[in-house]
Amino acid sequence: MKVTEHLKNAKKTLFTIEILPPVKGKSIQSIYDAIDPLMEFKPAFIDVTYHREEYVYKKRERGLLEKVAYRKRPSTISICAAIMNKYKIDAVPHLICGGFSKEDTENALIDLNFLGIENVLALRGDGDKVTGSFIPEPNGHRYGDELVQQIVCMNNGVYLDDELVDAHPSSFCIGVAGYPEKHFEAPNMKTDLKFLKAKVDKGAHYIVTQMFFDNKKFFDFEKACREMGINVPIIPGLKPLTTLKQLTTLPKIFHIDIPEELSDEVLKCKNNEAVRQVGTEWMIQQCKELIARKVPCLHFYTMSSSEPTRQIAEALF
Ligand code: FAD
């Protein structure tokens, strides 16, 4: 079933989760171990992130450096298929522009279609780890809206090969990312929203947000979206703070703020167990307010560690 159908049929705020493909060497059981403890809360759908290959430079003879790919994770598509097969729950694969030509994208979409996967979260992907800049593949997409456009074309039976006649139209429900605290590359919020609207105007059916720890940021973002004429469902993305280190790593990686009240409480903690309790309680209060404001769904970035999300879900669902 499509994400939008889940949202439409829901009688109350839904619970959904996002997991990461494990690093190379782990088995599919590591995915099940991350999902099993959350099954009692009946996730409506499960997102699976996509990760580009990472590279290291290895020293070779005569001072030469060889660029070697490492940490390629198992395929997002195969994990989605395994989840749907085992749990009979809809899986939402993330598909990115980075590292994909349009042909690669089309092939991935064809595979998803053949597997009966009806949802996809369309993203640009992050820039290069060293330079920070995003460089599209030759004949790839530069921005998320172009990827949305390609998926919409396939939904209309238009493939890259224009000699194909009577090609099967896919029927993907398309999600895109939104940033309550602005995407870090955007010059200002208004411009970022303009590009978000472009993704929706080109055919995206719903938005999932970056994590945030201050609900006001989400409510302001939602209001600004509506004022801009963005009328699709907006799903809040949430992640509880679990370690002291995350006080600096989350803002650095995700370009988000941690409210002073939360950071003050975390800094008083004697160990990470205490930090987790503070983070969990904060997230429960955040979620209660979001539910009271009738958000369609609470989407948890579990980072494949289910216990904090389980504790929060237990208090809410
Ligand atoms: P875009 O919508 O393309 O926007 C990127 C930047 O370009 C923004 O600053 C925007 O304002 C600007 N922009 C957009 N269109 C244009 C245009 N036409 N002209 C000029 N500027 C433009 N990354 C992964 O690698 N794998 C994942 O699985 C993954 N999952 C994610 C899930 C969620 C819910 C979120 C919020 C993020 C996820 N990311 C993931 C991270 C994401 O790939 C990065 O945040 C990336 O930097 C931006 O992706 P986007 O799709 O929002 O990009």
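Assorted remarks:
- Unique match (being touching a Lys or Arg at 6+ places or on another chain (Cβ under 8 Å) and more than 15 Å from the ligand (Cβ to nearest atom)) among PRO37, PRO74, PRO21: PRO37
- Residues being in contact (Cβ under 8 Å) with a residue 60 or more places away in the chain, more than 15 Å from ILE234 (Cα to Cα) and away from the ligand (no atom under 16 Å from the Cβ) - total across region 282-303: 3
- Any hit, region 213-224, residues being exposed (fewer than 14 other Cβ atoms within 10 Å of the Cβ) and modelled with pLDDT of 95 or more: yes
- Pick from region 188-234, criterion of a type outside the set (Val, Ile, Thr), within 13 Å of the ligand (Cβ to nearest atom) and not in a helix (DSSP H, G or I), ranking: farthest from the chain's Cα centre (by Cα): ASN188
- Boolean, LEU121 is near the ligand (Cβ under 10 Å from one of its atoms), aliphatic (A, V, I, L, M) and farther than 30 Å from TYR55 by Cβ: no
- Residue match in region 285-294 (condition: in a helix (DSSP H, G or I) and either modelled with pLDDT under 95 or small (Gly, Ala, Ser) (or both)): yes
- Output for region 19-48, where each listed residue is assigned to a helix (DSSP H, G or I) and either closer than 20 Å to ILE312 by Cα or among the hydrophobic types (A, V, I, L, M, F, W, C) (or both): ILE31, TYR32, ASP33, ALA34, ILE35, ASP36, PRO37, LEU38, MET39, GLU40, PHE41
- For region 148-187, filtering for residues that are of a type in the set (A, V, I, L, M, F, W, C), within 13 Å of the ligand (Cβ to nearest atom) and free of Cβ contacts under 8 Å to residues at least 24 places away in the same chain leaves 1.
- Restricting attention to region 25-70, the residues being surrounded by 13 or more Cβ atoms within 10 Å (Cβ to Cβ) and over 26 Å from ARG310 (Cα atoms) number 2.
- Count of residues meeting criterion [among the aliphatic types (A, V, I, L, M), within 14 Å of the ligand (Cβ to nearest atom) and over 15 Å from GLU289 (Cα atoms)] in region 235-245: 0
- In region 81-115, the residues that are within 12 Å of the ligand (Cβ to nearest atom) and either outside any strand (DSSP E or B) or of a type in the set (A, V, I, L, M, F, W, C) (or both): VAL92, LEU95, ILE96, CYS97, GLY98, GLY99, PHE100
- Inside region 252-281, residues that are in a helix (DSSP H, G or I) and either free of Cβ contacts under 8 Å to residues at least 12 places away in the same chain or in contact with a Phe, Trp or Tyr (Cβ under 7 Å, 6 or more places away or on another chain) (or both) make up a count of 10.
The values are calculated or read from the model by the stated rules, or taken from the named source; none is laboratory data. Here the structure is a predicted model, which is why all the values come from computation and not from measurement. Glycine gets a Cβ as well: all are built from the backbone with ideal geometry, and neighbour counts include every protein chain shown.
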